[in-house]
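Contents: one structure, followed by commentary.
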Amino acid sequence: MEFSLFAHMERMTPDQSHEQLNSEFIELCKMADDARMRAVWTGEHHGMDFTITPNPLLALVNLANHTRHVKLGTGTVIAPFWHPIKLAGEAASADLITGGRIELGIARGAYSYEYERLMPGMDAWEAGQRMREMAPLIPKLWEGDCAHEGEFFRFPATTSAPKPVQEGGPPIWIAARDPNSHEFGVHNGFNIQVTPLWQGIEEIETLMDRFNAACDSYEGKRPKIMLLHHTYVGKDATDVEQAARELSRFYCYFGAWFQNKRPVRQGLIEELSEEEMAANTMMAPENIKRDLTIGTSQEVIDQIKRYEDLGYDEYSFWIDSGMSFERKRDSLARFIDDVMPAFQ
């Protein structure tokens, strides 16, 4: 089992400065690097202070100046917001600048809030189709002299300029949930990222079953699969209970952004009342505590051992939570000091 960190800047209130959030983001990533985690992942989002990274490649290139060891991954770029030539070239350029440390995660995206602003009229189905046409073109453009005539993209023979440093280009990861997405990723030789969100161990098992089925129908080399999960390592039971309440609040806001029905001003969604959050029983703290990877050090070790037994190759500590920087930092430190050694 390898470990990585998944993080963004996240701004919950108007009094938080973007400068301070950026400094805190870098500090968490430096902790992951010092601990010799395998990678740091950050994704792409637009116009949302809830999750701030309009160009993850730009953030990752900057992180290369603050870290020495970790791979630097997009978790993930939103395929329909890119042209394949542009993505291949920018990813290769980032790989060149970072000395061959880039990994490229690609997804269709999830928020209709973003679709309606960057690609008005596009839905999740079309976004997925765009991703399926685009992703296989990226390694072909890195190889060079790739011409394409498709539904969404048409271009004469083109070569990525520059070429990436890594032989064959950066590893590509596909965010997958349904069986067809797993099959698409595996059959194209891509690694797989899965995110069960709040849905617990049954979803974690189902996602692995879908990956295994895709691998069974593929004659090539078995790719890697990464589990991305919200994680909190508490110092005691009281601390864990507080984390469950904070992550419950996070998921209430996640749901509000996903539903795209509340007003947004200056990048912040209209505040949820305590009554609204209490009414969201699916995200109740007791359910969050049961279904996320949160607990004391030994409890988290036991949970991740179960994921390892299922066959996951990498576990990514999803630290976004709406918590204070200090609570994130202390939880990550306990993960590094107490949890990771149990897997070495």
Having 1 or more residues that are within 25 Å of ASP15 (Cβ to Cβ) is the bar; report the helices (runs of 4 or more DSSP H) wholly within the stretch 262-314 that clear it.
-> 274-279
May I ask you to verify whether GLY255 is out of contact with any Ser or Thr (no Cβ under 8 Å at 6 or more places or on another chain), within 22 Å of SER112 (Cα to Cα) and either in contact (Cβ under 8 Å) with a residue 60 or more places away in the chain or not small (Gly, Ala, Ser) (or both)?
-> no
Using the structure shown, decide if THR76 is of a type in the set (Ser, Thr, Tyr), modelled with pLDDT of 95 or more, within 27 Å of VAL264 (Cβ to Cβ) and not in a helix (DSSP H, G or I).
-> yes
Of a type in the set (Lys, Arg), in a helix (DSSP H, G or I), more than 21 Å from the chain's Cα centre (by Cα) and surrounded by 15 or more Cβ atoms within 10 Å (Cβ to Cβ): does that describe ARG329?
-> no
Taking interchain pairs and intrachain pairs at least six residues apart, which have beta carbon atoms under 7 angstrom, with the first residue in the stretch 225-243 and without any contact (Cβ under 8 Å) to a residue 60 or more places away in the chain and the second surrounded by 15 or more Cβ atoms within 10 Å (Cβ to Cβ) and of a type in the set (A, V, I, L, M, F, W, C)?
-> VAL240/ILE294
Go through the residues of the stretch 6-27 one by one and say whether even a single one is more than 26 Å from ALA79 (Cα to Cα), touching a residue at least 40 places away in the same chain (Cβ under 8 Å) and assigned to a helix (DSSP H, G or I).
-> yes
Residues in the stretch 123-180 that are closer than 13 Å to HIS83 by Cβ and acidic (Asp, Glu): how many?
-> 1
Residue count, the stretch 220-238 (criterion: surrounded by fewer than 18 Cβ atoms within 10 Å (Cβ to Cβ) and under 20 Å from GLY295 (Cα atoms)) | 4
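Considering each of ALA213, ALA256 in turn, give the residue that is modelled with pLDDT of 95 or more, more than 22 Å from ALA110 (Cβ to Cβ) and outside any loop (DSSP other than H, G, I, E, B). Lay out the reasoning, then the answer.
Details: ALA256 fails: more than 22 Å from ALA110 (Cβ to Cβ).
Criteria check complete, one pass: ALA213.
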How many residues, within the stretch 259-290, are touching a Phe, Trp or Tyr at 6+ places or on another chain (Cβ under 7 Å), surrounded by 18 or more Cβ atoms within 10 Å (Cβ to Cβ) and more than 20 Å from PRO196 (Cβ to Cβ)?
-> 1
Inspect all residues belonging to the stretch 48-66 and state whether any of them is at positive phi and more than 13 Å from the chain's Cα centre (by Cα).
-> no
Scope the stretch 126-148; condition surrounded by fewer than 20 Cβ atoms within 10 Å (Cβ to Cβ), touching a strand residue (DSSP E or B) at 6+ places or on another chain (Cβ under 7 Å), assigned to a helix (DSSP H, G or I) and touching a residue at least 40 places away in the same chain (Cβ under 8 Å); matching residues | none
Under the condition of being touching a residue at least 60 places away in the same chain (Cβ under 8 Å) and of a type in the set (D, E, K, R), which residue from the stretch 82-115 is nearest to PHE6 (Cα to Cα)?
-> GLU103
Single condition ALA256 does not satisfy, out of (1) within 30 Å of PHE190 (Cβ to Cβ); (2) crowded, with 20+ Cβ neighbours inside 10 Å; (3) of a type in the set (A, V, I, L, M, F, W, C) = (1)
Which residue pairs have Cβ atoms under 9 Å apart, sit 6 or more places apart or on different chains, and have a first residue in the stretch 57-78 that is within 30 Å of GLY128 (Cβ to Cβ) and a second that is of a type in the set (Lys, Arg) and outside any loop (DSSP other than H, G, I, E, B)?
-> LEU63/LYS30
Which of the residues spanning the stretch 106-130 are acidic (Asp, Glu) and at pLDDT 95 or above?
-> GLU114, GLU116, GLU126
Picking from ILE97, ILE106, ILE85, which residue would you name as being β-branched (Val, Ile, Thr) and either touching a Cys at 6+ places or on another chain (Cβ under 7 Å) or under 21 Å from GLN193 (Cβ atoms) (or both)?
-> ILE106
Considering residues that are surrounded by fewer than 21 Cβ atoms within 10 Å (Cβ to Cβ) and either charged (D, E, K, R) or outside any loop (DSSP other than H, G, I, E, B) (or both), the number found within the stretch 90-101 is 4
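The values are calculated or read from the model by the stated rules, or taken from the named source; none is laboratory data. Just so it is clear, the structure is predicted and the values come from calculations on it, not from any experiment. Cβ atoms come from the backbone with ideal geometry, glycine included; neighbour counts cover every protein chain shown.
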